[in-house]
Every structure is written in structure tokens, then in C-alpha cells.
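A short worksheet on the structure shown next.
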Amino acid sequence: MSALALPPIVLAFSATDPTGGAGLQADLLTLCSMGCHALSVVTAITVQDTAGVENLQAIDSDWVVDQARLVLEDMPVAAFKVGMVGSIENIAAIAEVVSDYPDVPLIFDPVLASGRGDELATEDMIAAMRELLLPQTTILTPNSREARRLTQGEGEEEELSLPGCADKILSMGCEYVLITGTHENTPQVINTLFGPEGVVRSDAWERLPGSYHGSGCTLASAIAATLANGLELPEAVREAQEYTWQTLNAGFRPGMGQHIPDRFFWAREMDEPGPGKT
């Protein structure tokens, strides 16, 4: 099979989620749904359900490096997606691996807490993200709470505005930041893409009822997929948001906690497809 006939290949670094709602399983489902071949590097193993994370075991950083190196020497990768990292050592390991591929876009979803607030990253880990991963990041995809936590220095009480957070994040070295507005008190969900020149685009989406397990993973992986498929970044971000909104609109609640996005909504019959961007 010629290289031209290959599907785009994306490598995801993330933690497992036994529910299939978030984490590595969400990455794989999203990437496959959007026409990519997904490679996976496990950074941590979690004990969780649709309500929250009960426990987490980080994978040894040498194993993270070995998992990545072997597949990268074997297959060409069109994009990297980084989710939950598990430990400071894994942050350093991932940063070391991706530094050898500066032309491959890196999409980083800084997973700092679960949907119900379980802490998944220490302050030392956040400092390592700022120092080692953000300077190599093509696009960072924090929600508003994550954006504020990434930019709030130790001892600082005053919160920055979201544009202020974006400016500070960009000054740390990443090229673009998409701040999502799910946690903001607005009638619609406003997602804003910031770049070196300021706001690149701002998109408003109907605010759906309930809460969702894995929406951030889905969005970041969808951006990785659209970039791997050759779209320019602003258009890739728009298409990824459209896909993510549709997965949430078609979401289901299989357990006692949050809803799970349906990444294969397009393959199932729906009575009403629902509106897209509003």
C-alpha cells in the first residue's frame, strides 16, 4: 500500500478510562470516527466510572518513551495528541519524544481534574507542563477553569480574564490556545481561539442540558484528526467543534454519572439530527 493511500496516523498519549467515555478510549474512538488510524501510548491506568476518578497509577516513564519510540520508528505520524500525563516524569518523557518531531503538530488537552473535581495534576506537574510541553504545543485546548489554573501563579488570588489567560499561555510558547466556555455562566457555550495576533475565531454553541464525560478529550482528538487530514488550523478548529457538538447532542447516559458523547453518531439513526453552530 502506498503512503498516499494510508489514512492519516495520529499518536495519542493518554491515560486509560474503563468506561470508554474519556481518556485514551475517547481519543481512539474520535480519531477512528474521523478517518484516522490511531496509535496509543498509555501514560496511566485509572480506576473510574462515569461519576469520577477513584484512583490513578502512572506508567513508568521509561515505558512511555519505549512505547512511543518503537511505533514512531515504524510509522509516519501526522499529529500528536496529549491528554492526561500521570506524572512529572511522564511530562518530561513526552516532551523528550515530541522534540524530535518539531514539524508534527502537537495538540495538548491539559487534563487537570475530573468532571466532578478529582485532582489529576499537582502544582509541580502544572509547572512542568508550562516549562516542557507548552513551548512545543501547536494548540492548547483548556476549559476556562484549566486556563485560569495554568496561568495563576503561586500566592496570586486575582483571576485573569480569559483573554488575559490566553495572552499569558501564548507567552509560554504555544502557538494557539482554544479556551472552551462550558464552565462559564453564559446562555451559549462560547469557544474562543487565540493566536499571536489575538482572537482568531469565536464560536457560539447551543448549551446542552446535563454534563458530559470526555467532551474535552473528544474536542482535542477531533482537532488532531482535522489537522492530520490536512485542514488549516482555524478551519480544523471549527470542524472539530462541529463534530464534538454533534457527539454531545447524541450523547447517552449508560451509568449513574455523566453522559458519554456518541463519537459514531453519524453511523446511527437519529430522529432529529439537531442544529449545528448557532
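Restricting to the chain, what percent of DSSP beta bridges are antiparallel, rounded to 5?
If I count the DSSP bridges inside the chain, around 45 percent turn out antiparallel.
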Checklist entry - In terms of modelled amide H atoms, which long-range or inter-chain residues lie less than 5 Å from the amide H of Ala44? => result Ala15, Thr16, Ile59
Checklist entry - Bin by bin, in steps of 5 Å, what percent of the Cα pairs in segment 1-60 do you find, going until the bin that has the longest distance? => result 4, 19, 24, 20, 14, 9, 6, 3, 2, 0
Checklist outcome for this item: In segment 82-136 the accessible area split gives carbon plus sulfur, as whole percent at 1.4 Å, a share of 51 percent
Checklist outcome for this item: Per its Cα gyration tensor (rounded if a/c is under 1.5, else prolate when a/b beats b/c, else oblate), the chain is best filed as rounded
Item to check | Karplus (6.51, -1.76, 1.60) ³J(HN,Hα), θ = phi - 60°, over segment 242-256, in Hz, Gly and Pro reported as x | outcome: 4, 4, 4, 4, 5, 5, 6, 4, 9, x, 9, 10, x, x, 9
Checklist entry - To the nearest 20 debye, what charge dipole does segment 1-127 have about its Cα centre, counting +1 at the Cβ of each Lys and Arg and -1 at the Cβ of each Asp and Glu? => result 460 debye
Checklist outcome for this item: If exposed means GluC sites (Glu not before Pro) lying in a DSSP loop and surrounded by at most 11 other beta carbons within 10 Å, then the longest stretch of the chain lacking such sites spans residues 1-153
Checklist outcome for this item: Sites removed, the longest contiguous part of the chain containing no DSSP-loop trypsin sites (Lys or Arg not before Pro) with at most 14 other Cβ within 10 Å is 1-115
Item to check | Summed side-chain charge close to Val98 - residues other than Val98 whose Cβ falls under 13 Å, Lys, Arg +1, Asp, Glu -1 | outcome: -1
Item to check | Prolate/oblate/rounded label for segment 114-206 (Cα gyration tensor, a/c 1.5) | outcome: oblate
Checklist outcome for this item: accessible surface per residue for segment 15-131, probe 1.4 Å, DNA/RNA/ligands not counted, whole Å² -> 42 Å²
Item to check | Net charge of Cβ neighbours under 12 Å - reference Trp63; Lys, Arg +1; Asp, Glu -1 | outcome: -3
Checklist entry - Mind listing the phi-derived Karplus ³J(HN,Hα) values for segment 32-42, rounded to whole Hz, using 6.51, -1.76 and 1.60 with θ = phi - 60°, and x for any glycine or proline? => result 5, 4, 9, x, 9, 9, 9, 9, 9, 10, 7
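Rounded to the nearest 5, what is the percent of antiparallel bridges among the DSSP beta bridges in segment 128-278? Write out the running numbers ahead of the final one.
Details: 12 of 16 bridges.
So the antiparallel bridges in segment 128-278 amount to around 75 percent.
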Item to check | Over the chain: helical MRE at 222 nm, DSSP H runs n ≥ 4 each giving -39500 (n - 2.57), nearest 500 | outcome: -10000 deg cm²/dmol
Next on the checklist: Using only the alpha-carbon atoms, what does segment 1-157 span along each of its principal axes? Please give whole angstrom values in decreasing order.
Outcome noted: 56, 32, 29
Item to check | Two-site FRET efficiency, Leu208 against Glu73, from Cβ-Cβ distance with R₀ of 30 Å, rounded to 0.05 | outcome: 0.10
Checklist outcome for this item: Percent antiparallel among DSSP beta bridges confined to segment 112-209, nearest 5, equals 80 percent
Checklist entry - To the nearest 20 debye, what charge dipole does the chain have about its Cα centre, counting +1 at the Cβ of each Lys and Arg and -1 at the Cβ of each Asp and Glu? => result 700 debye
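Just add up the charged neighbours of Asp17: K/R +1, D/E -1, any other residue whose Cβ is under 10 Å from the Cβ of Asp17.
Values: positive: none; negative: Asp27, Asp49.
After counting each charged neighbour, the total is -2.
The values are calculated or read from the model by the stated rules, or taken from the named source; none is laboratory data. The structure displayed is predicted, hence computed values, not measured ones. Reconstructed Cβ throughout: ideal geometry from the backbone, glycine too, with neighbour counts over all protein chains shown. What goes into the accessible areas is simple: the full protein's heavy atoms, side chains included, and nothing from ligands, DNA or RNA. Shrake-Rupley method; radii C 1.70, N 1.55, O 1.52, S 1.80 Å.
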